[in-house]
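Would you mind keeping the following structure in view while I ask a few things?
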Amino acid sequence: MKTTSVMLSLILATMLASPARTRAQATSAARSQGDWSSLEAIARGSEIVVKLKSGKTAKGRLSSVSDTTLTLERKGRTNDIASADVATVHRIIGKASKAKWAGIGAGIGAAGGAGLAGLAAADDNSDFDPSLLALATVPVGAGIGALIGLVVGAGKRKRELVYEAKMSAKL
């Protein structure tokens, strides 16, 4: 039981650690601040998220870029956004890693189920076999954790900062 917990902890730590990707994103963000022309390097049809200076967000596929306008297409409709209204532009990279998050959730749920079984067995003075309780709670915990992880992972996608407007000094 202890070996399983240690293995799950190591797997979780390995999956969550990604310093190389973090450094690459920071370098990309530093290079692209205030450079509207960096949007021209994005392939047409790429999914992007545009945060407007008003605080609203626009999502869609890149249709075109000019010196003054960014055009998105979503559900058959086009949306022209003036460059002066744009705060940031992120490019969506890859697909959501639902399996990874479901695995993490399953591991956490299984550990929680094992912990509950251990607590129940420690407080139980009856002749009930604690391994039977663990056989029930570990898979149930893993299943519940996997479902929660799947839901959380469905919304997690990598974003690359492509453009960030320069902040103008106000007096």
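So in the stretch 105-141, with the set limited to residues that are outside any helix (DSSP H, G or I) and among the polar types (S, T, N, Q), which one is modelled with the highest pLDDT?
Residues of the stretch 105-141 outside any helix (DSSP H, G or I): 124-129.
This time we only want the ones that are among the polar types (S, T, N, Q), so: 125-126.
Values: Asn125: 68, Ser126: 63.
Per the criteria, the residue is Asn125.
Follow-up question, since we're still on this one. List the residue pairs whose Cβ atoms are under 7 Å apart, where the first residue sits in the stretch 63-90 and is under 14 Å from Ile42 (Cβ atoms), the second is in a helix (DSSP H, G or I) and open to solvent by 70 Å² or more (accessible area, probe 1.4 Å), and the two are 6 or more positions apart or on different chains.
Pairs found: Val65/Glu40.
Looking only at the stretch 72-126, count how many residues are under 29 Å from Ile144 (Cβ atoms), open to solvent by 70 Å² or more (accessible area, probe 1.4 Å) and among the acidic types (Asp, Glu).
Residues meeting the conditions: 1.
Residue by residue through the stretch 109-125, note down the ones that are of a type in the set (A, V, I, L, M) and farther than 12 Å from Gly143 by Cβ. Explain how you work it out, then say what you get.
Kept after step one, since they are of a type in the set (A, V, I, L, M), are these residues of the stretch 109-125: 110-111, 114, 116-117, 119-122.
The answer is Ala111, Ala114, Leu116, Ala117, Leu119, Ala120, Ala121, Ala122.
Checking Pro19 against (1) at pLDDT below 85; (2) open to solvent by less than 60 Å² (accessible area, probe 1.4 Å); (3) out of contact with any helix residue (DSSP H, G or I) (no Cβ under 6 Å at 6 or more places or on another chain), which test does it fail?
(2)
The values are calculated or read from the model by the stated rules, or taken from the named source; none is laboratory data. Every value quoted in this text rests on a predicted model; they were computed, and no experiment measured them. Neighbour counts run over all protein chains shown; Cβ positions are idealised from the backbone, glycine included. Areas reflect the complete protein model, heavy atoms only, side chains present, ligands, DNA and RNA absent. Shrake-Rupley method; radii C 1.70, N 1.55, O 1.52, S 1.80 Å.
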